[in-house]
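Participant: First the structure, then my questions, so here it is.
The values are calculated or read from the model by the stated rules, or taken from the named source; none is laboratory data. This structure is a prediction, so every number in the text was calculated from the model and none was measured. Using ideal geometry, Cβ is built from the backbone for each residue, glycine included, and neighbour counts are taken over all protein chains shown. Accessible surface areas use protein heavy atoms only, side chains included; no ligands, DNA or RNA. Shrake-Rupley method; radii C 1.70, N 1.55, O 1.52, S 1.80 Å.
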Amino acid sequence: MFIKCGGPLLRQYIVVITVNLTMIAAGMGLMWPSPVFVKLRDKDQTILPEPITEEQGSWIVSVGFLTGIFGNFMAAYLVDRIGRKLCIIIGCLPKFIAGFLFLYAYDVWMLLVGRALLGIADAFVFIVVPMYASEVSSKEIRGALGTILQVVCSTGVLIMFSMGPFVSYWTLNVIFASVVVATTMPLILLPDSPYFLYSKGLNHESLKVLTFLRGTETLAIEEIKEYSLLDNNIKIPITQIFKNKIFLKSFFIVFFIVGWVHLLGFNTVSFYLQTILDSTQTSVQPEIASVIVGVIQILSSIVTTFITDRFGRKPILTTTLSAQAVGMVGLGVFFKLQEHGKIEGVLNFLPLMSLVLIVFGYSAGVGSLNWILCAELFDDAFRGVGLSLSGIISYISLFTITKYFSALTLAIGPSYTYWLFSVNCVILCVFIGVVVPETKGKTFSEIQRALGAKDKVKDVQEKC
């Protein structure tokens, strides 16, 4: 059951914002290690018998990305069977358990299990929420609505950065558990994806939802015809999916993007933010600088919401990736100078200025548009499988870089590590500029034709 209010565009915004509220808890969970590690390493603040070690800390950060792989398999199996809405609700359940484990933890294994459950939950929401948002949105505002995920996730990051350093471990995790409950309950009121309903033969229900979202039955019927043109109601065995040349082309593009995006270094910089800021000698406290970074992250995400359907995906991505590359060069320069003891005056602010560029570039670019673009590149019939497999690749990449970031830094030094991230930014920038098609303002069938699919002409019978 859903409530009719306002015009069709307002309804789409309300639906998409509501489903994305779950990303507040996801953002808080992702940044949970940054303030919590400071407490767990302090013998006077830790809730454990003794402070955690560096090895334990690396596993607490990375274990969720390992278990997220299994979460993606589950999402791939369930998303086209029980629907997008129910998948998102089920994906929120492990967060309840994780919240209680964090509150009552008395040993490291409880923190590890909690983080592992968060990884499974995030695997659901980061795959299914963009899919749901893209399927309920009109093509004219699909990009803007898709960026809401990053805005809301950044809000969760800002909450964690703002409160984490200043409240007790217990209070912080009570707030986290409360946010999980508060953002899950409204999901019950949402309609399911109109495409999912159509794919299950529920044409009347699909028409009803589309009429609610588009404003008129005429527009709803036109969109259902679009579903039919793409043969979305035909069940395709997974073995046949991998024989489809257009799917393979889409999958290659998405594979490279989601696999490479974590090699840009943003997540590792975020997880170890306070550690990096502790290395500076500025008058700005690391806790305050973290809040500043969080504010920049959410503001840059909001900017992208307003410009993504005006300028297109590719110009925004290439520009912001260039900004990230410059920021990583700045961090590398700072740590190289620090090795020689040459840091003085304004150079102490170089890390903070570099972090601003990195955070702005990521949040306004790949952080906001990554999964929107990936959802757009897959045909409707292949989107569930394609995004789930892409999520698995993403989690493998993220686990690897977060688990071994410290080891890489020790092996080649922090300066060369950040310069390597800068090179990776340039590589992804070139790839997007040369290989990825522009998806701004296009229907899913038009995007498929841009990828090389044949233009199908069929007599579509109205099944409404």
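Participant: Condition check: among the hydroxyl-bearing types (Ser, Thr, Tyr) and over 27 Å from GLU446 (Cα atoms). Does SER154 satisfy that?
Facilitator: Yes; evaluated as a whole, the condition is true for this residue.
Participant: Follow-up. Check ILE393 against each of (1) under 25 Å from GLU223 (Cα atoms); (2) aliphatic (A, V, I, L, M); (3) modelled with pLDDT of 75 or more and name the one condition it does not meet.
Facilitator: (1)
Participant: Sticking with this one: Taking the criterion of being in contact (Cβ under 8 Å) with a residue 24 or more places away in the chain, aliphatic (A, V, I, L, M) and outside any helix (DSSP H, G or I), would at least one residue in the range 198-221 satisfy it?
Facilitator: no
Participant: Go through VAL125, VAL61 for me and flag whichever is touching a helix residue (DSSP H, G or I) at 6+ places or on another chain (Cβ under 8 Å) and farther than 15 Å from ILE392 by Cα.
Facilitator: Checking each option against the conditions leaves just VAL61.
Participant: Exactly one condition in (1) in contact with a helix residue (DSSP H, G or I) (Cβ under 9 Å, 6 or more places away or on another chain); (2) closer than 15 Å to TYR169 by Cβ is not met by LEU112; state its number.
Facilitator: Unmet for LEU112, out of (1) in contact with a helix residue (DSSP H, G or I) (Cβ under 9 Å, 6 or more places away or on another chain); (2) closer than 15 Å to TYR169 by Cβ: (2).
Participant: Same structure, new question: List the residue pairs whose Cβ atoms are under 8 Å apart, where the first residue sits in the range 239-263 and is farther than 26 Å from ILE358 by Cα and without any contact (Cβ under 8 Å) to a residue 60 or more places away in the chain, the second is open to solvent by 30 Å² or more (accessible area, probe 1.4 Å) and not in a helix (DSSP H, G or I), and the two are 6 or more positions apart or on different chains.
Facilitator: Hits for this filter: LEU248/PHE242.
Participant: Let me ask something additional. Could you check ILE52 against (1) farther than 19 Å from ASP192 by Cα; (2) among the hydrophobic types (A, V, I, L, M, F, W, C); (3) at pLDDT 85 or above and say which number it fails?
Facilitator: That leaves (3) as the condition not met.
Participant: Give the residue that is farthest from GLY332 (Cα to Cα), with candidates limited to residues of the range 405-419 that are surrounded by 15 or more Cβ atoms within 10 Å (Cβ to Cβ) and without any contact (Cβ under 8 Å) to a residue 24 or more places away in the chain.
Facilitator: The residue in question is LEU408.
Participant: Condition (residue is of a type in the set (Gly, Ala, Ser), surrounded by fewer than 23 Cβ atoms within 10 Å (Cβ to Cβ) and touching a Phe, Trp or Tyr at 6+ places or on another chain (Cβ under 8 Å)) applied to the range 383-393: is it met by at least one residue?
Facilitator: Within the range 383-393, the first condition is being of a type in the set (Gly, Ala, Ser), and the residues that meet it are 384, 386, 388, 390-391.
Retained after the next criterion (residues that are surrounded by fewer than 23 Cβ atoms within 10 Å (Cβ to Cβ)): none.
No: the range 383-393 contains no residue that is of a type in the set (Gly, Ala, Ser), surrounded by fewer than 23 Cβ atoms within 10 Å (Cβ to Cβ) and touching a Phe, Trp or Tyr at 6+ places or on another chain (Cβ under 8 Å).
Participant: Residue by residue through the range 153-170, note down the ones that are surrounded by fewer than 16 Cβ atoms within 10 Å (Cβ to Cβ) and either at pLDDT 90 or above or not β-branched (Val, Ile, Thr) (or both).
Facilitator: Within the range 153-170, PHE166, SER168, TRP170 qualify.
Participant: Also, quick follow-up: Six or more apart or on different chains, Cβ atoms under 7 Å: show the pairs whose first residue is in the range 86-98 and closer than 18 Å to GLY114 by Cβ and touching a residue at least 60 places away in the same chain (Cβ under 8 Å) and whose second is hydroxyl-bearing (Ser, Thr, Tyr) and open to solvent by 10 Å² or more (accessible area, probe 1.4 Å).
Facilitator: Taking only residues 6 or more apart or on different chains, the pairs are CYS92/THR184.
The rows are residues; the columns are (1) open to solvent by less than 70 Å² (accessible area, probe 1.4 Å); (2) farther than 30 Å from ILE393 by Cβ; (3) modelled with pLDDT of 75 or more.
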| residue | (1), (2), (3) |
| --- | --- |
| GLY201 | yes, yes, yes |
| GLU205 | no, yes, yes |
| ARG214 | yes, yes, yes |
| LEU229 | yes, no, no |
| PHE247 | yes, no, yes |
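Participant: Going through the range 58-112 one residue at a time, which ones are open to solvent by 20 Å² or more (accessible area, probe 1.4 Å), under 25 Å from PHE196 (Cα atoms), in a loop (DSSP other than H, G, I, E, B) and not hydrophobic (A, V, I, L, M, F, W, C)?
Facilitator: ASP80, ARG81
Participant: Can you name the residue in the range 344-380 that is outside any loop (DSSP other than H, G, I, E, B) and of a type in the set (Gly, Ala, Ser) and is also surrounded by the most Cβ atoms within 10 Å (Cβ to Cβ) among such residues?
Facilitator: Of everything passing the filter in the range 344-380, SER368 is surrounded by the most Cβ atoms within 10 Å (Cβ to Cβ).
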